[in-house]
Structure formats: structure tokens, C-alpha cells
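What follows is calculated from the coordinates using simple rules that are stated; it is not laboratory data. Not measured: the values here are computed from a predicted model. Neighbour counts run over all protein chains shown; Cβ positions are idealised from the backbone, glycine included.
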Ligand code: PAF
């Protein structure tokens, strides 16, 4: 597996592969790799001839300097892990290599999808994500890019960005990987104490509570209240939101029976955690919904 540090070398390596006829699968990461990242690499290996992973802790998407400084970094371990999971080349540039003129004067603004949920707690976060992702797409010329559904709002924003700007790349969303007790894998989990790690299971419990309530015909308000109650029942958890939204727009859906996404966010000790599941609301009165039913 090759390790590349410079943009010019990355471009020329991938250009060479494309000229040979290889399809390039891009797996953008910030390192601190875990099984969730490896599932992205596995999906890329299945679909593409050449798997290119980026490892770059992007300062533009951190509002808080302390959070940026505390972000776990261990390139040696990450390279070993990436190689073992079938990645062919890793691009791990310095901040100066990606942003040679400091903060770029051209930034990618994702619009209303970025203004809600995580965008409220982290106002410039998605602008930073959209900007670096656009640069990584441009530098890689990949035909597909693989993102985890755990960052569901990010996935929605990147998918919309690609549509809006006609970028020649397919965005592939990959399922969340969970611990046995339901906790979604995240690089931030390793900053939790033992007690906080235990408390963090409240996020998945909250989502399951909401999913089951909707499946049994609860309305959205009731399901959201039940989700929030599950979060607040855990003293170490400070909830941020617990909502049911329409997956593509992240807005409140109208009418029952449509696919939904339940999303939760909370702060536990030093970290903010997010999680989500797919759900469906069963119509509470199928006869009333279908006037021709007898
Ligand atoms: O999901 C992440 O790890 C990051 O937000 C990404 C997509 C690599 C951009 O820095």
C-alpha cells in the first residue's frame, strides 16, 4: 500500500490508474480508523478496482480548537489497518498541503440542509466538510465515494452537493457499524470514560424506542418525546435533539407510511455523539387513509 503526502503525487498516481482503466473508489476519513471505516473500505473494494483512502483531520470543520487538538491521531496504526482492509493507497497530507494559502477564500456553502440539527450546534462545520470533500473529489477523480450513514446529515449534504454541482462522482452511503450493545462506532468513543461509555448506550436505546413507537402507530410528537425521555433518563447524557425527519430533506415529514430517519445527538463527558436509524410510521387508521377500502 502506498502512502502519499503531496497533492501532485496523489493526482498523478490516480491519473495513472484511471488511464489503465481502473475505477477509483474514494474513502475520505479523518483517521482514528475503526470497524466503521473498514466497512467503507470493504464496500469500496467490492465495487472499485483501486481504493484510495484519505486521512486528513480537517481544521475547517472544527469550531472549537480544543476539539481539534483532542481529535485522536495515530497514522502508523491507521496505515496498518487500512492496508489490512484492502486499501491500495492512502493520502495523508499536512494542513499546509491542503490549504497552502491558509483558510480558502472560496468555501462551499451547503445551504439549508446544513442549518439544522448539527448545523445549529456547530455553525461552520458543514461548510468545512463540504469544502474539503469538494477538494478531495477534485484531487482524486474517483468514480465513487463512500460515506458512513452514522453521519447522516453529512451524507445528505454531500449527496446534495454532488447533485447541485454536477460533480462526476457517485456518493455511496454505507450502514452504521455498532458495538454489541448498540453503540455506533465513532472515533470519539475512545475519549469516553468507562461510565460515560456505558451511558452512551442511551442514544441507541432512544432510537429503538422511537422506531418501535412509530411502528406501533405513535405520532411523531409522541415518538420524539419518548426518545428524548430515554436520553434524559441517563444522568451523564446531556441531550441536544431527538427528531424524526424525512431522509433527503431532513425536514418534518407530512403524512404517515413514509420512510423516516430518527436522529439523536447528545453530549457525554467531553464528546458530542450522534446516531440515527431508519424508521417507518404505521398509519394509525388504515381505513381512513384509504377511502376505497371496505
Ligand atoms: O466524516 C469524516 O470523517 C469527515 O467529515 C470527512 C468526510 C472525512 C471530511 O473531513
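Restricting 264, 243, 171, 177 to those that are without any contact (Cβ under 8 Å) to a residue 40 or more places away in the chain and under 21 Å from the mean Cα position of the chain (by Cα) reduces the list to 171. Condition first: touching a strand residue (DSSP E or B) at 6+ places or on another chain (Cβ under 6 Å) and more than 16 Å from the ligand (Cβ to nearest atom). Can you find one or more residues in the stretch 174-185 that meet it? So far as the stretch 174-185 goes, yes, one or more of its residues are touching a strand residue (DSSP E or B) at 6+ places or on another chain (Cβ under 6 Å) and more than 16 Å from the ligand (Cβ to nearest atom). Every condition in (1) touching a residue at least 60 places away in the same chain (Cβ under 8 Å); (2) away from the ligand (no atom under 13 Å from the Cβ); (3) over 30 Å from residue 252 (Cβ atoms); (4) touching a strand residue (DSSP E or B) at 6+ places or on another chain (Cβ under 7 Å) holds for residue 94 except the one numbered (4). For the stretch 112-129, the set of residues classified as surrounded by fewer than 24 Cβ atoms within 10 Å (Cβ to Cβ) and within 9 Å of the ligand (Cβ to nearest atom) consists of 125, 128, listed by residue number.
Yes or no, residue by residue, for (1) farther than 30 Å from residue 32 by Cα; (2) buried (at least 20 other Cβ atoms within 10 Å of the Cβ):
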residue	(1), (2)
184	no, yes
191	no, no
201	no, no
224	yes, yes
275	no, yes
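For the stretch 45-89, enumerate the residues that are under 19 Å from residue 172 (Cβ atoms) and either part of a loop (DSSP other than H, G, I, E, B) or touching a residue at least 40 places away in the same chain (Cβ under 8 Å) (or both). Result: 45, 47, 48, 49, 52, 54, 82, 85, 86, 87, 88, 89. Residue-level check: of (1) surrounded by 21 or more Cβ atoms within 10 Å (Cβ to Cβ); (2) under 19 Å from residue 250 (Cβ atoms); (3) more than 11 Å from the ligand (Cβ to nearest atom), residue 142 misses just (2). The condition of being over 21 Å from residue 44 (Cα atoms) and within 16 Å of the ligand (Cβ to nearest atom) holds for only one of 211, 197, 188, that being 188. Scanning the stretch 244-272 for residues that are assigned to a loop (DSSP other than H, G, I, E, B) and closer than 21 Å to residue 111 by Cα gives 246, 247, 248, 249, 250, 251, 252, 253. Only a single item in (1) within 21 Å of residue 143 (Cβ to Cβ); (2) surrounded by fewer than 20 Cβ atoms within 10 Å (Cβ to Cβ); (3) within 14 Å of the ligand (Cβ to nearest atom) is not met by residue 53, and it is number (2).
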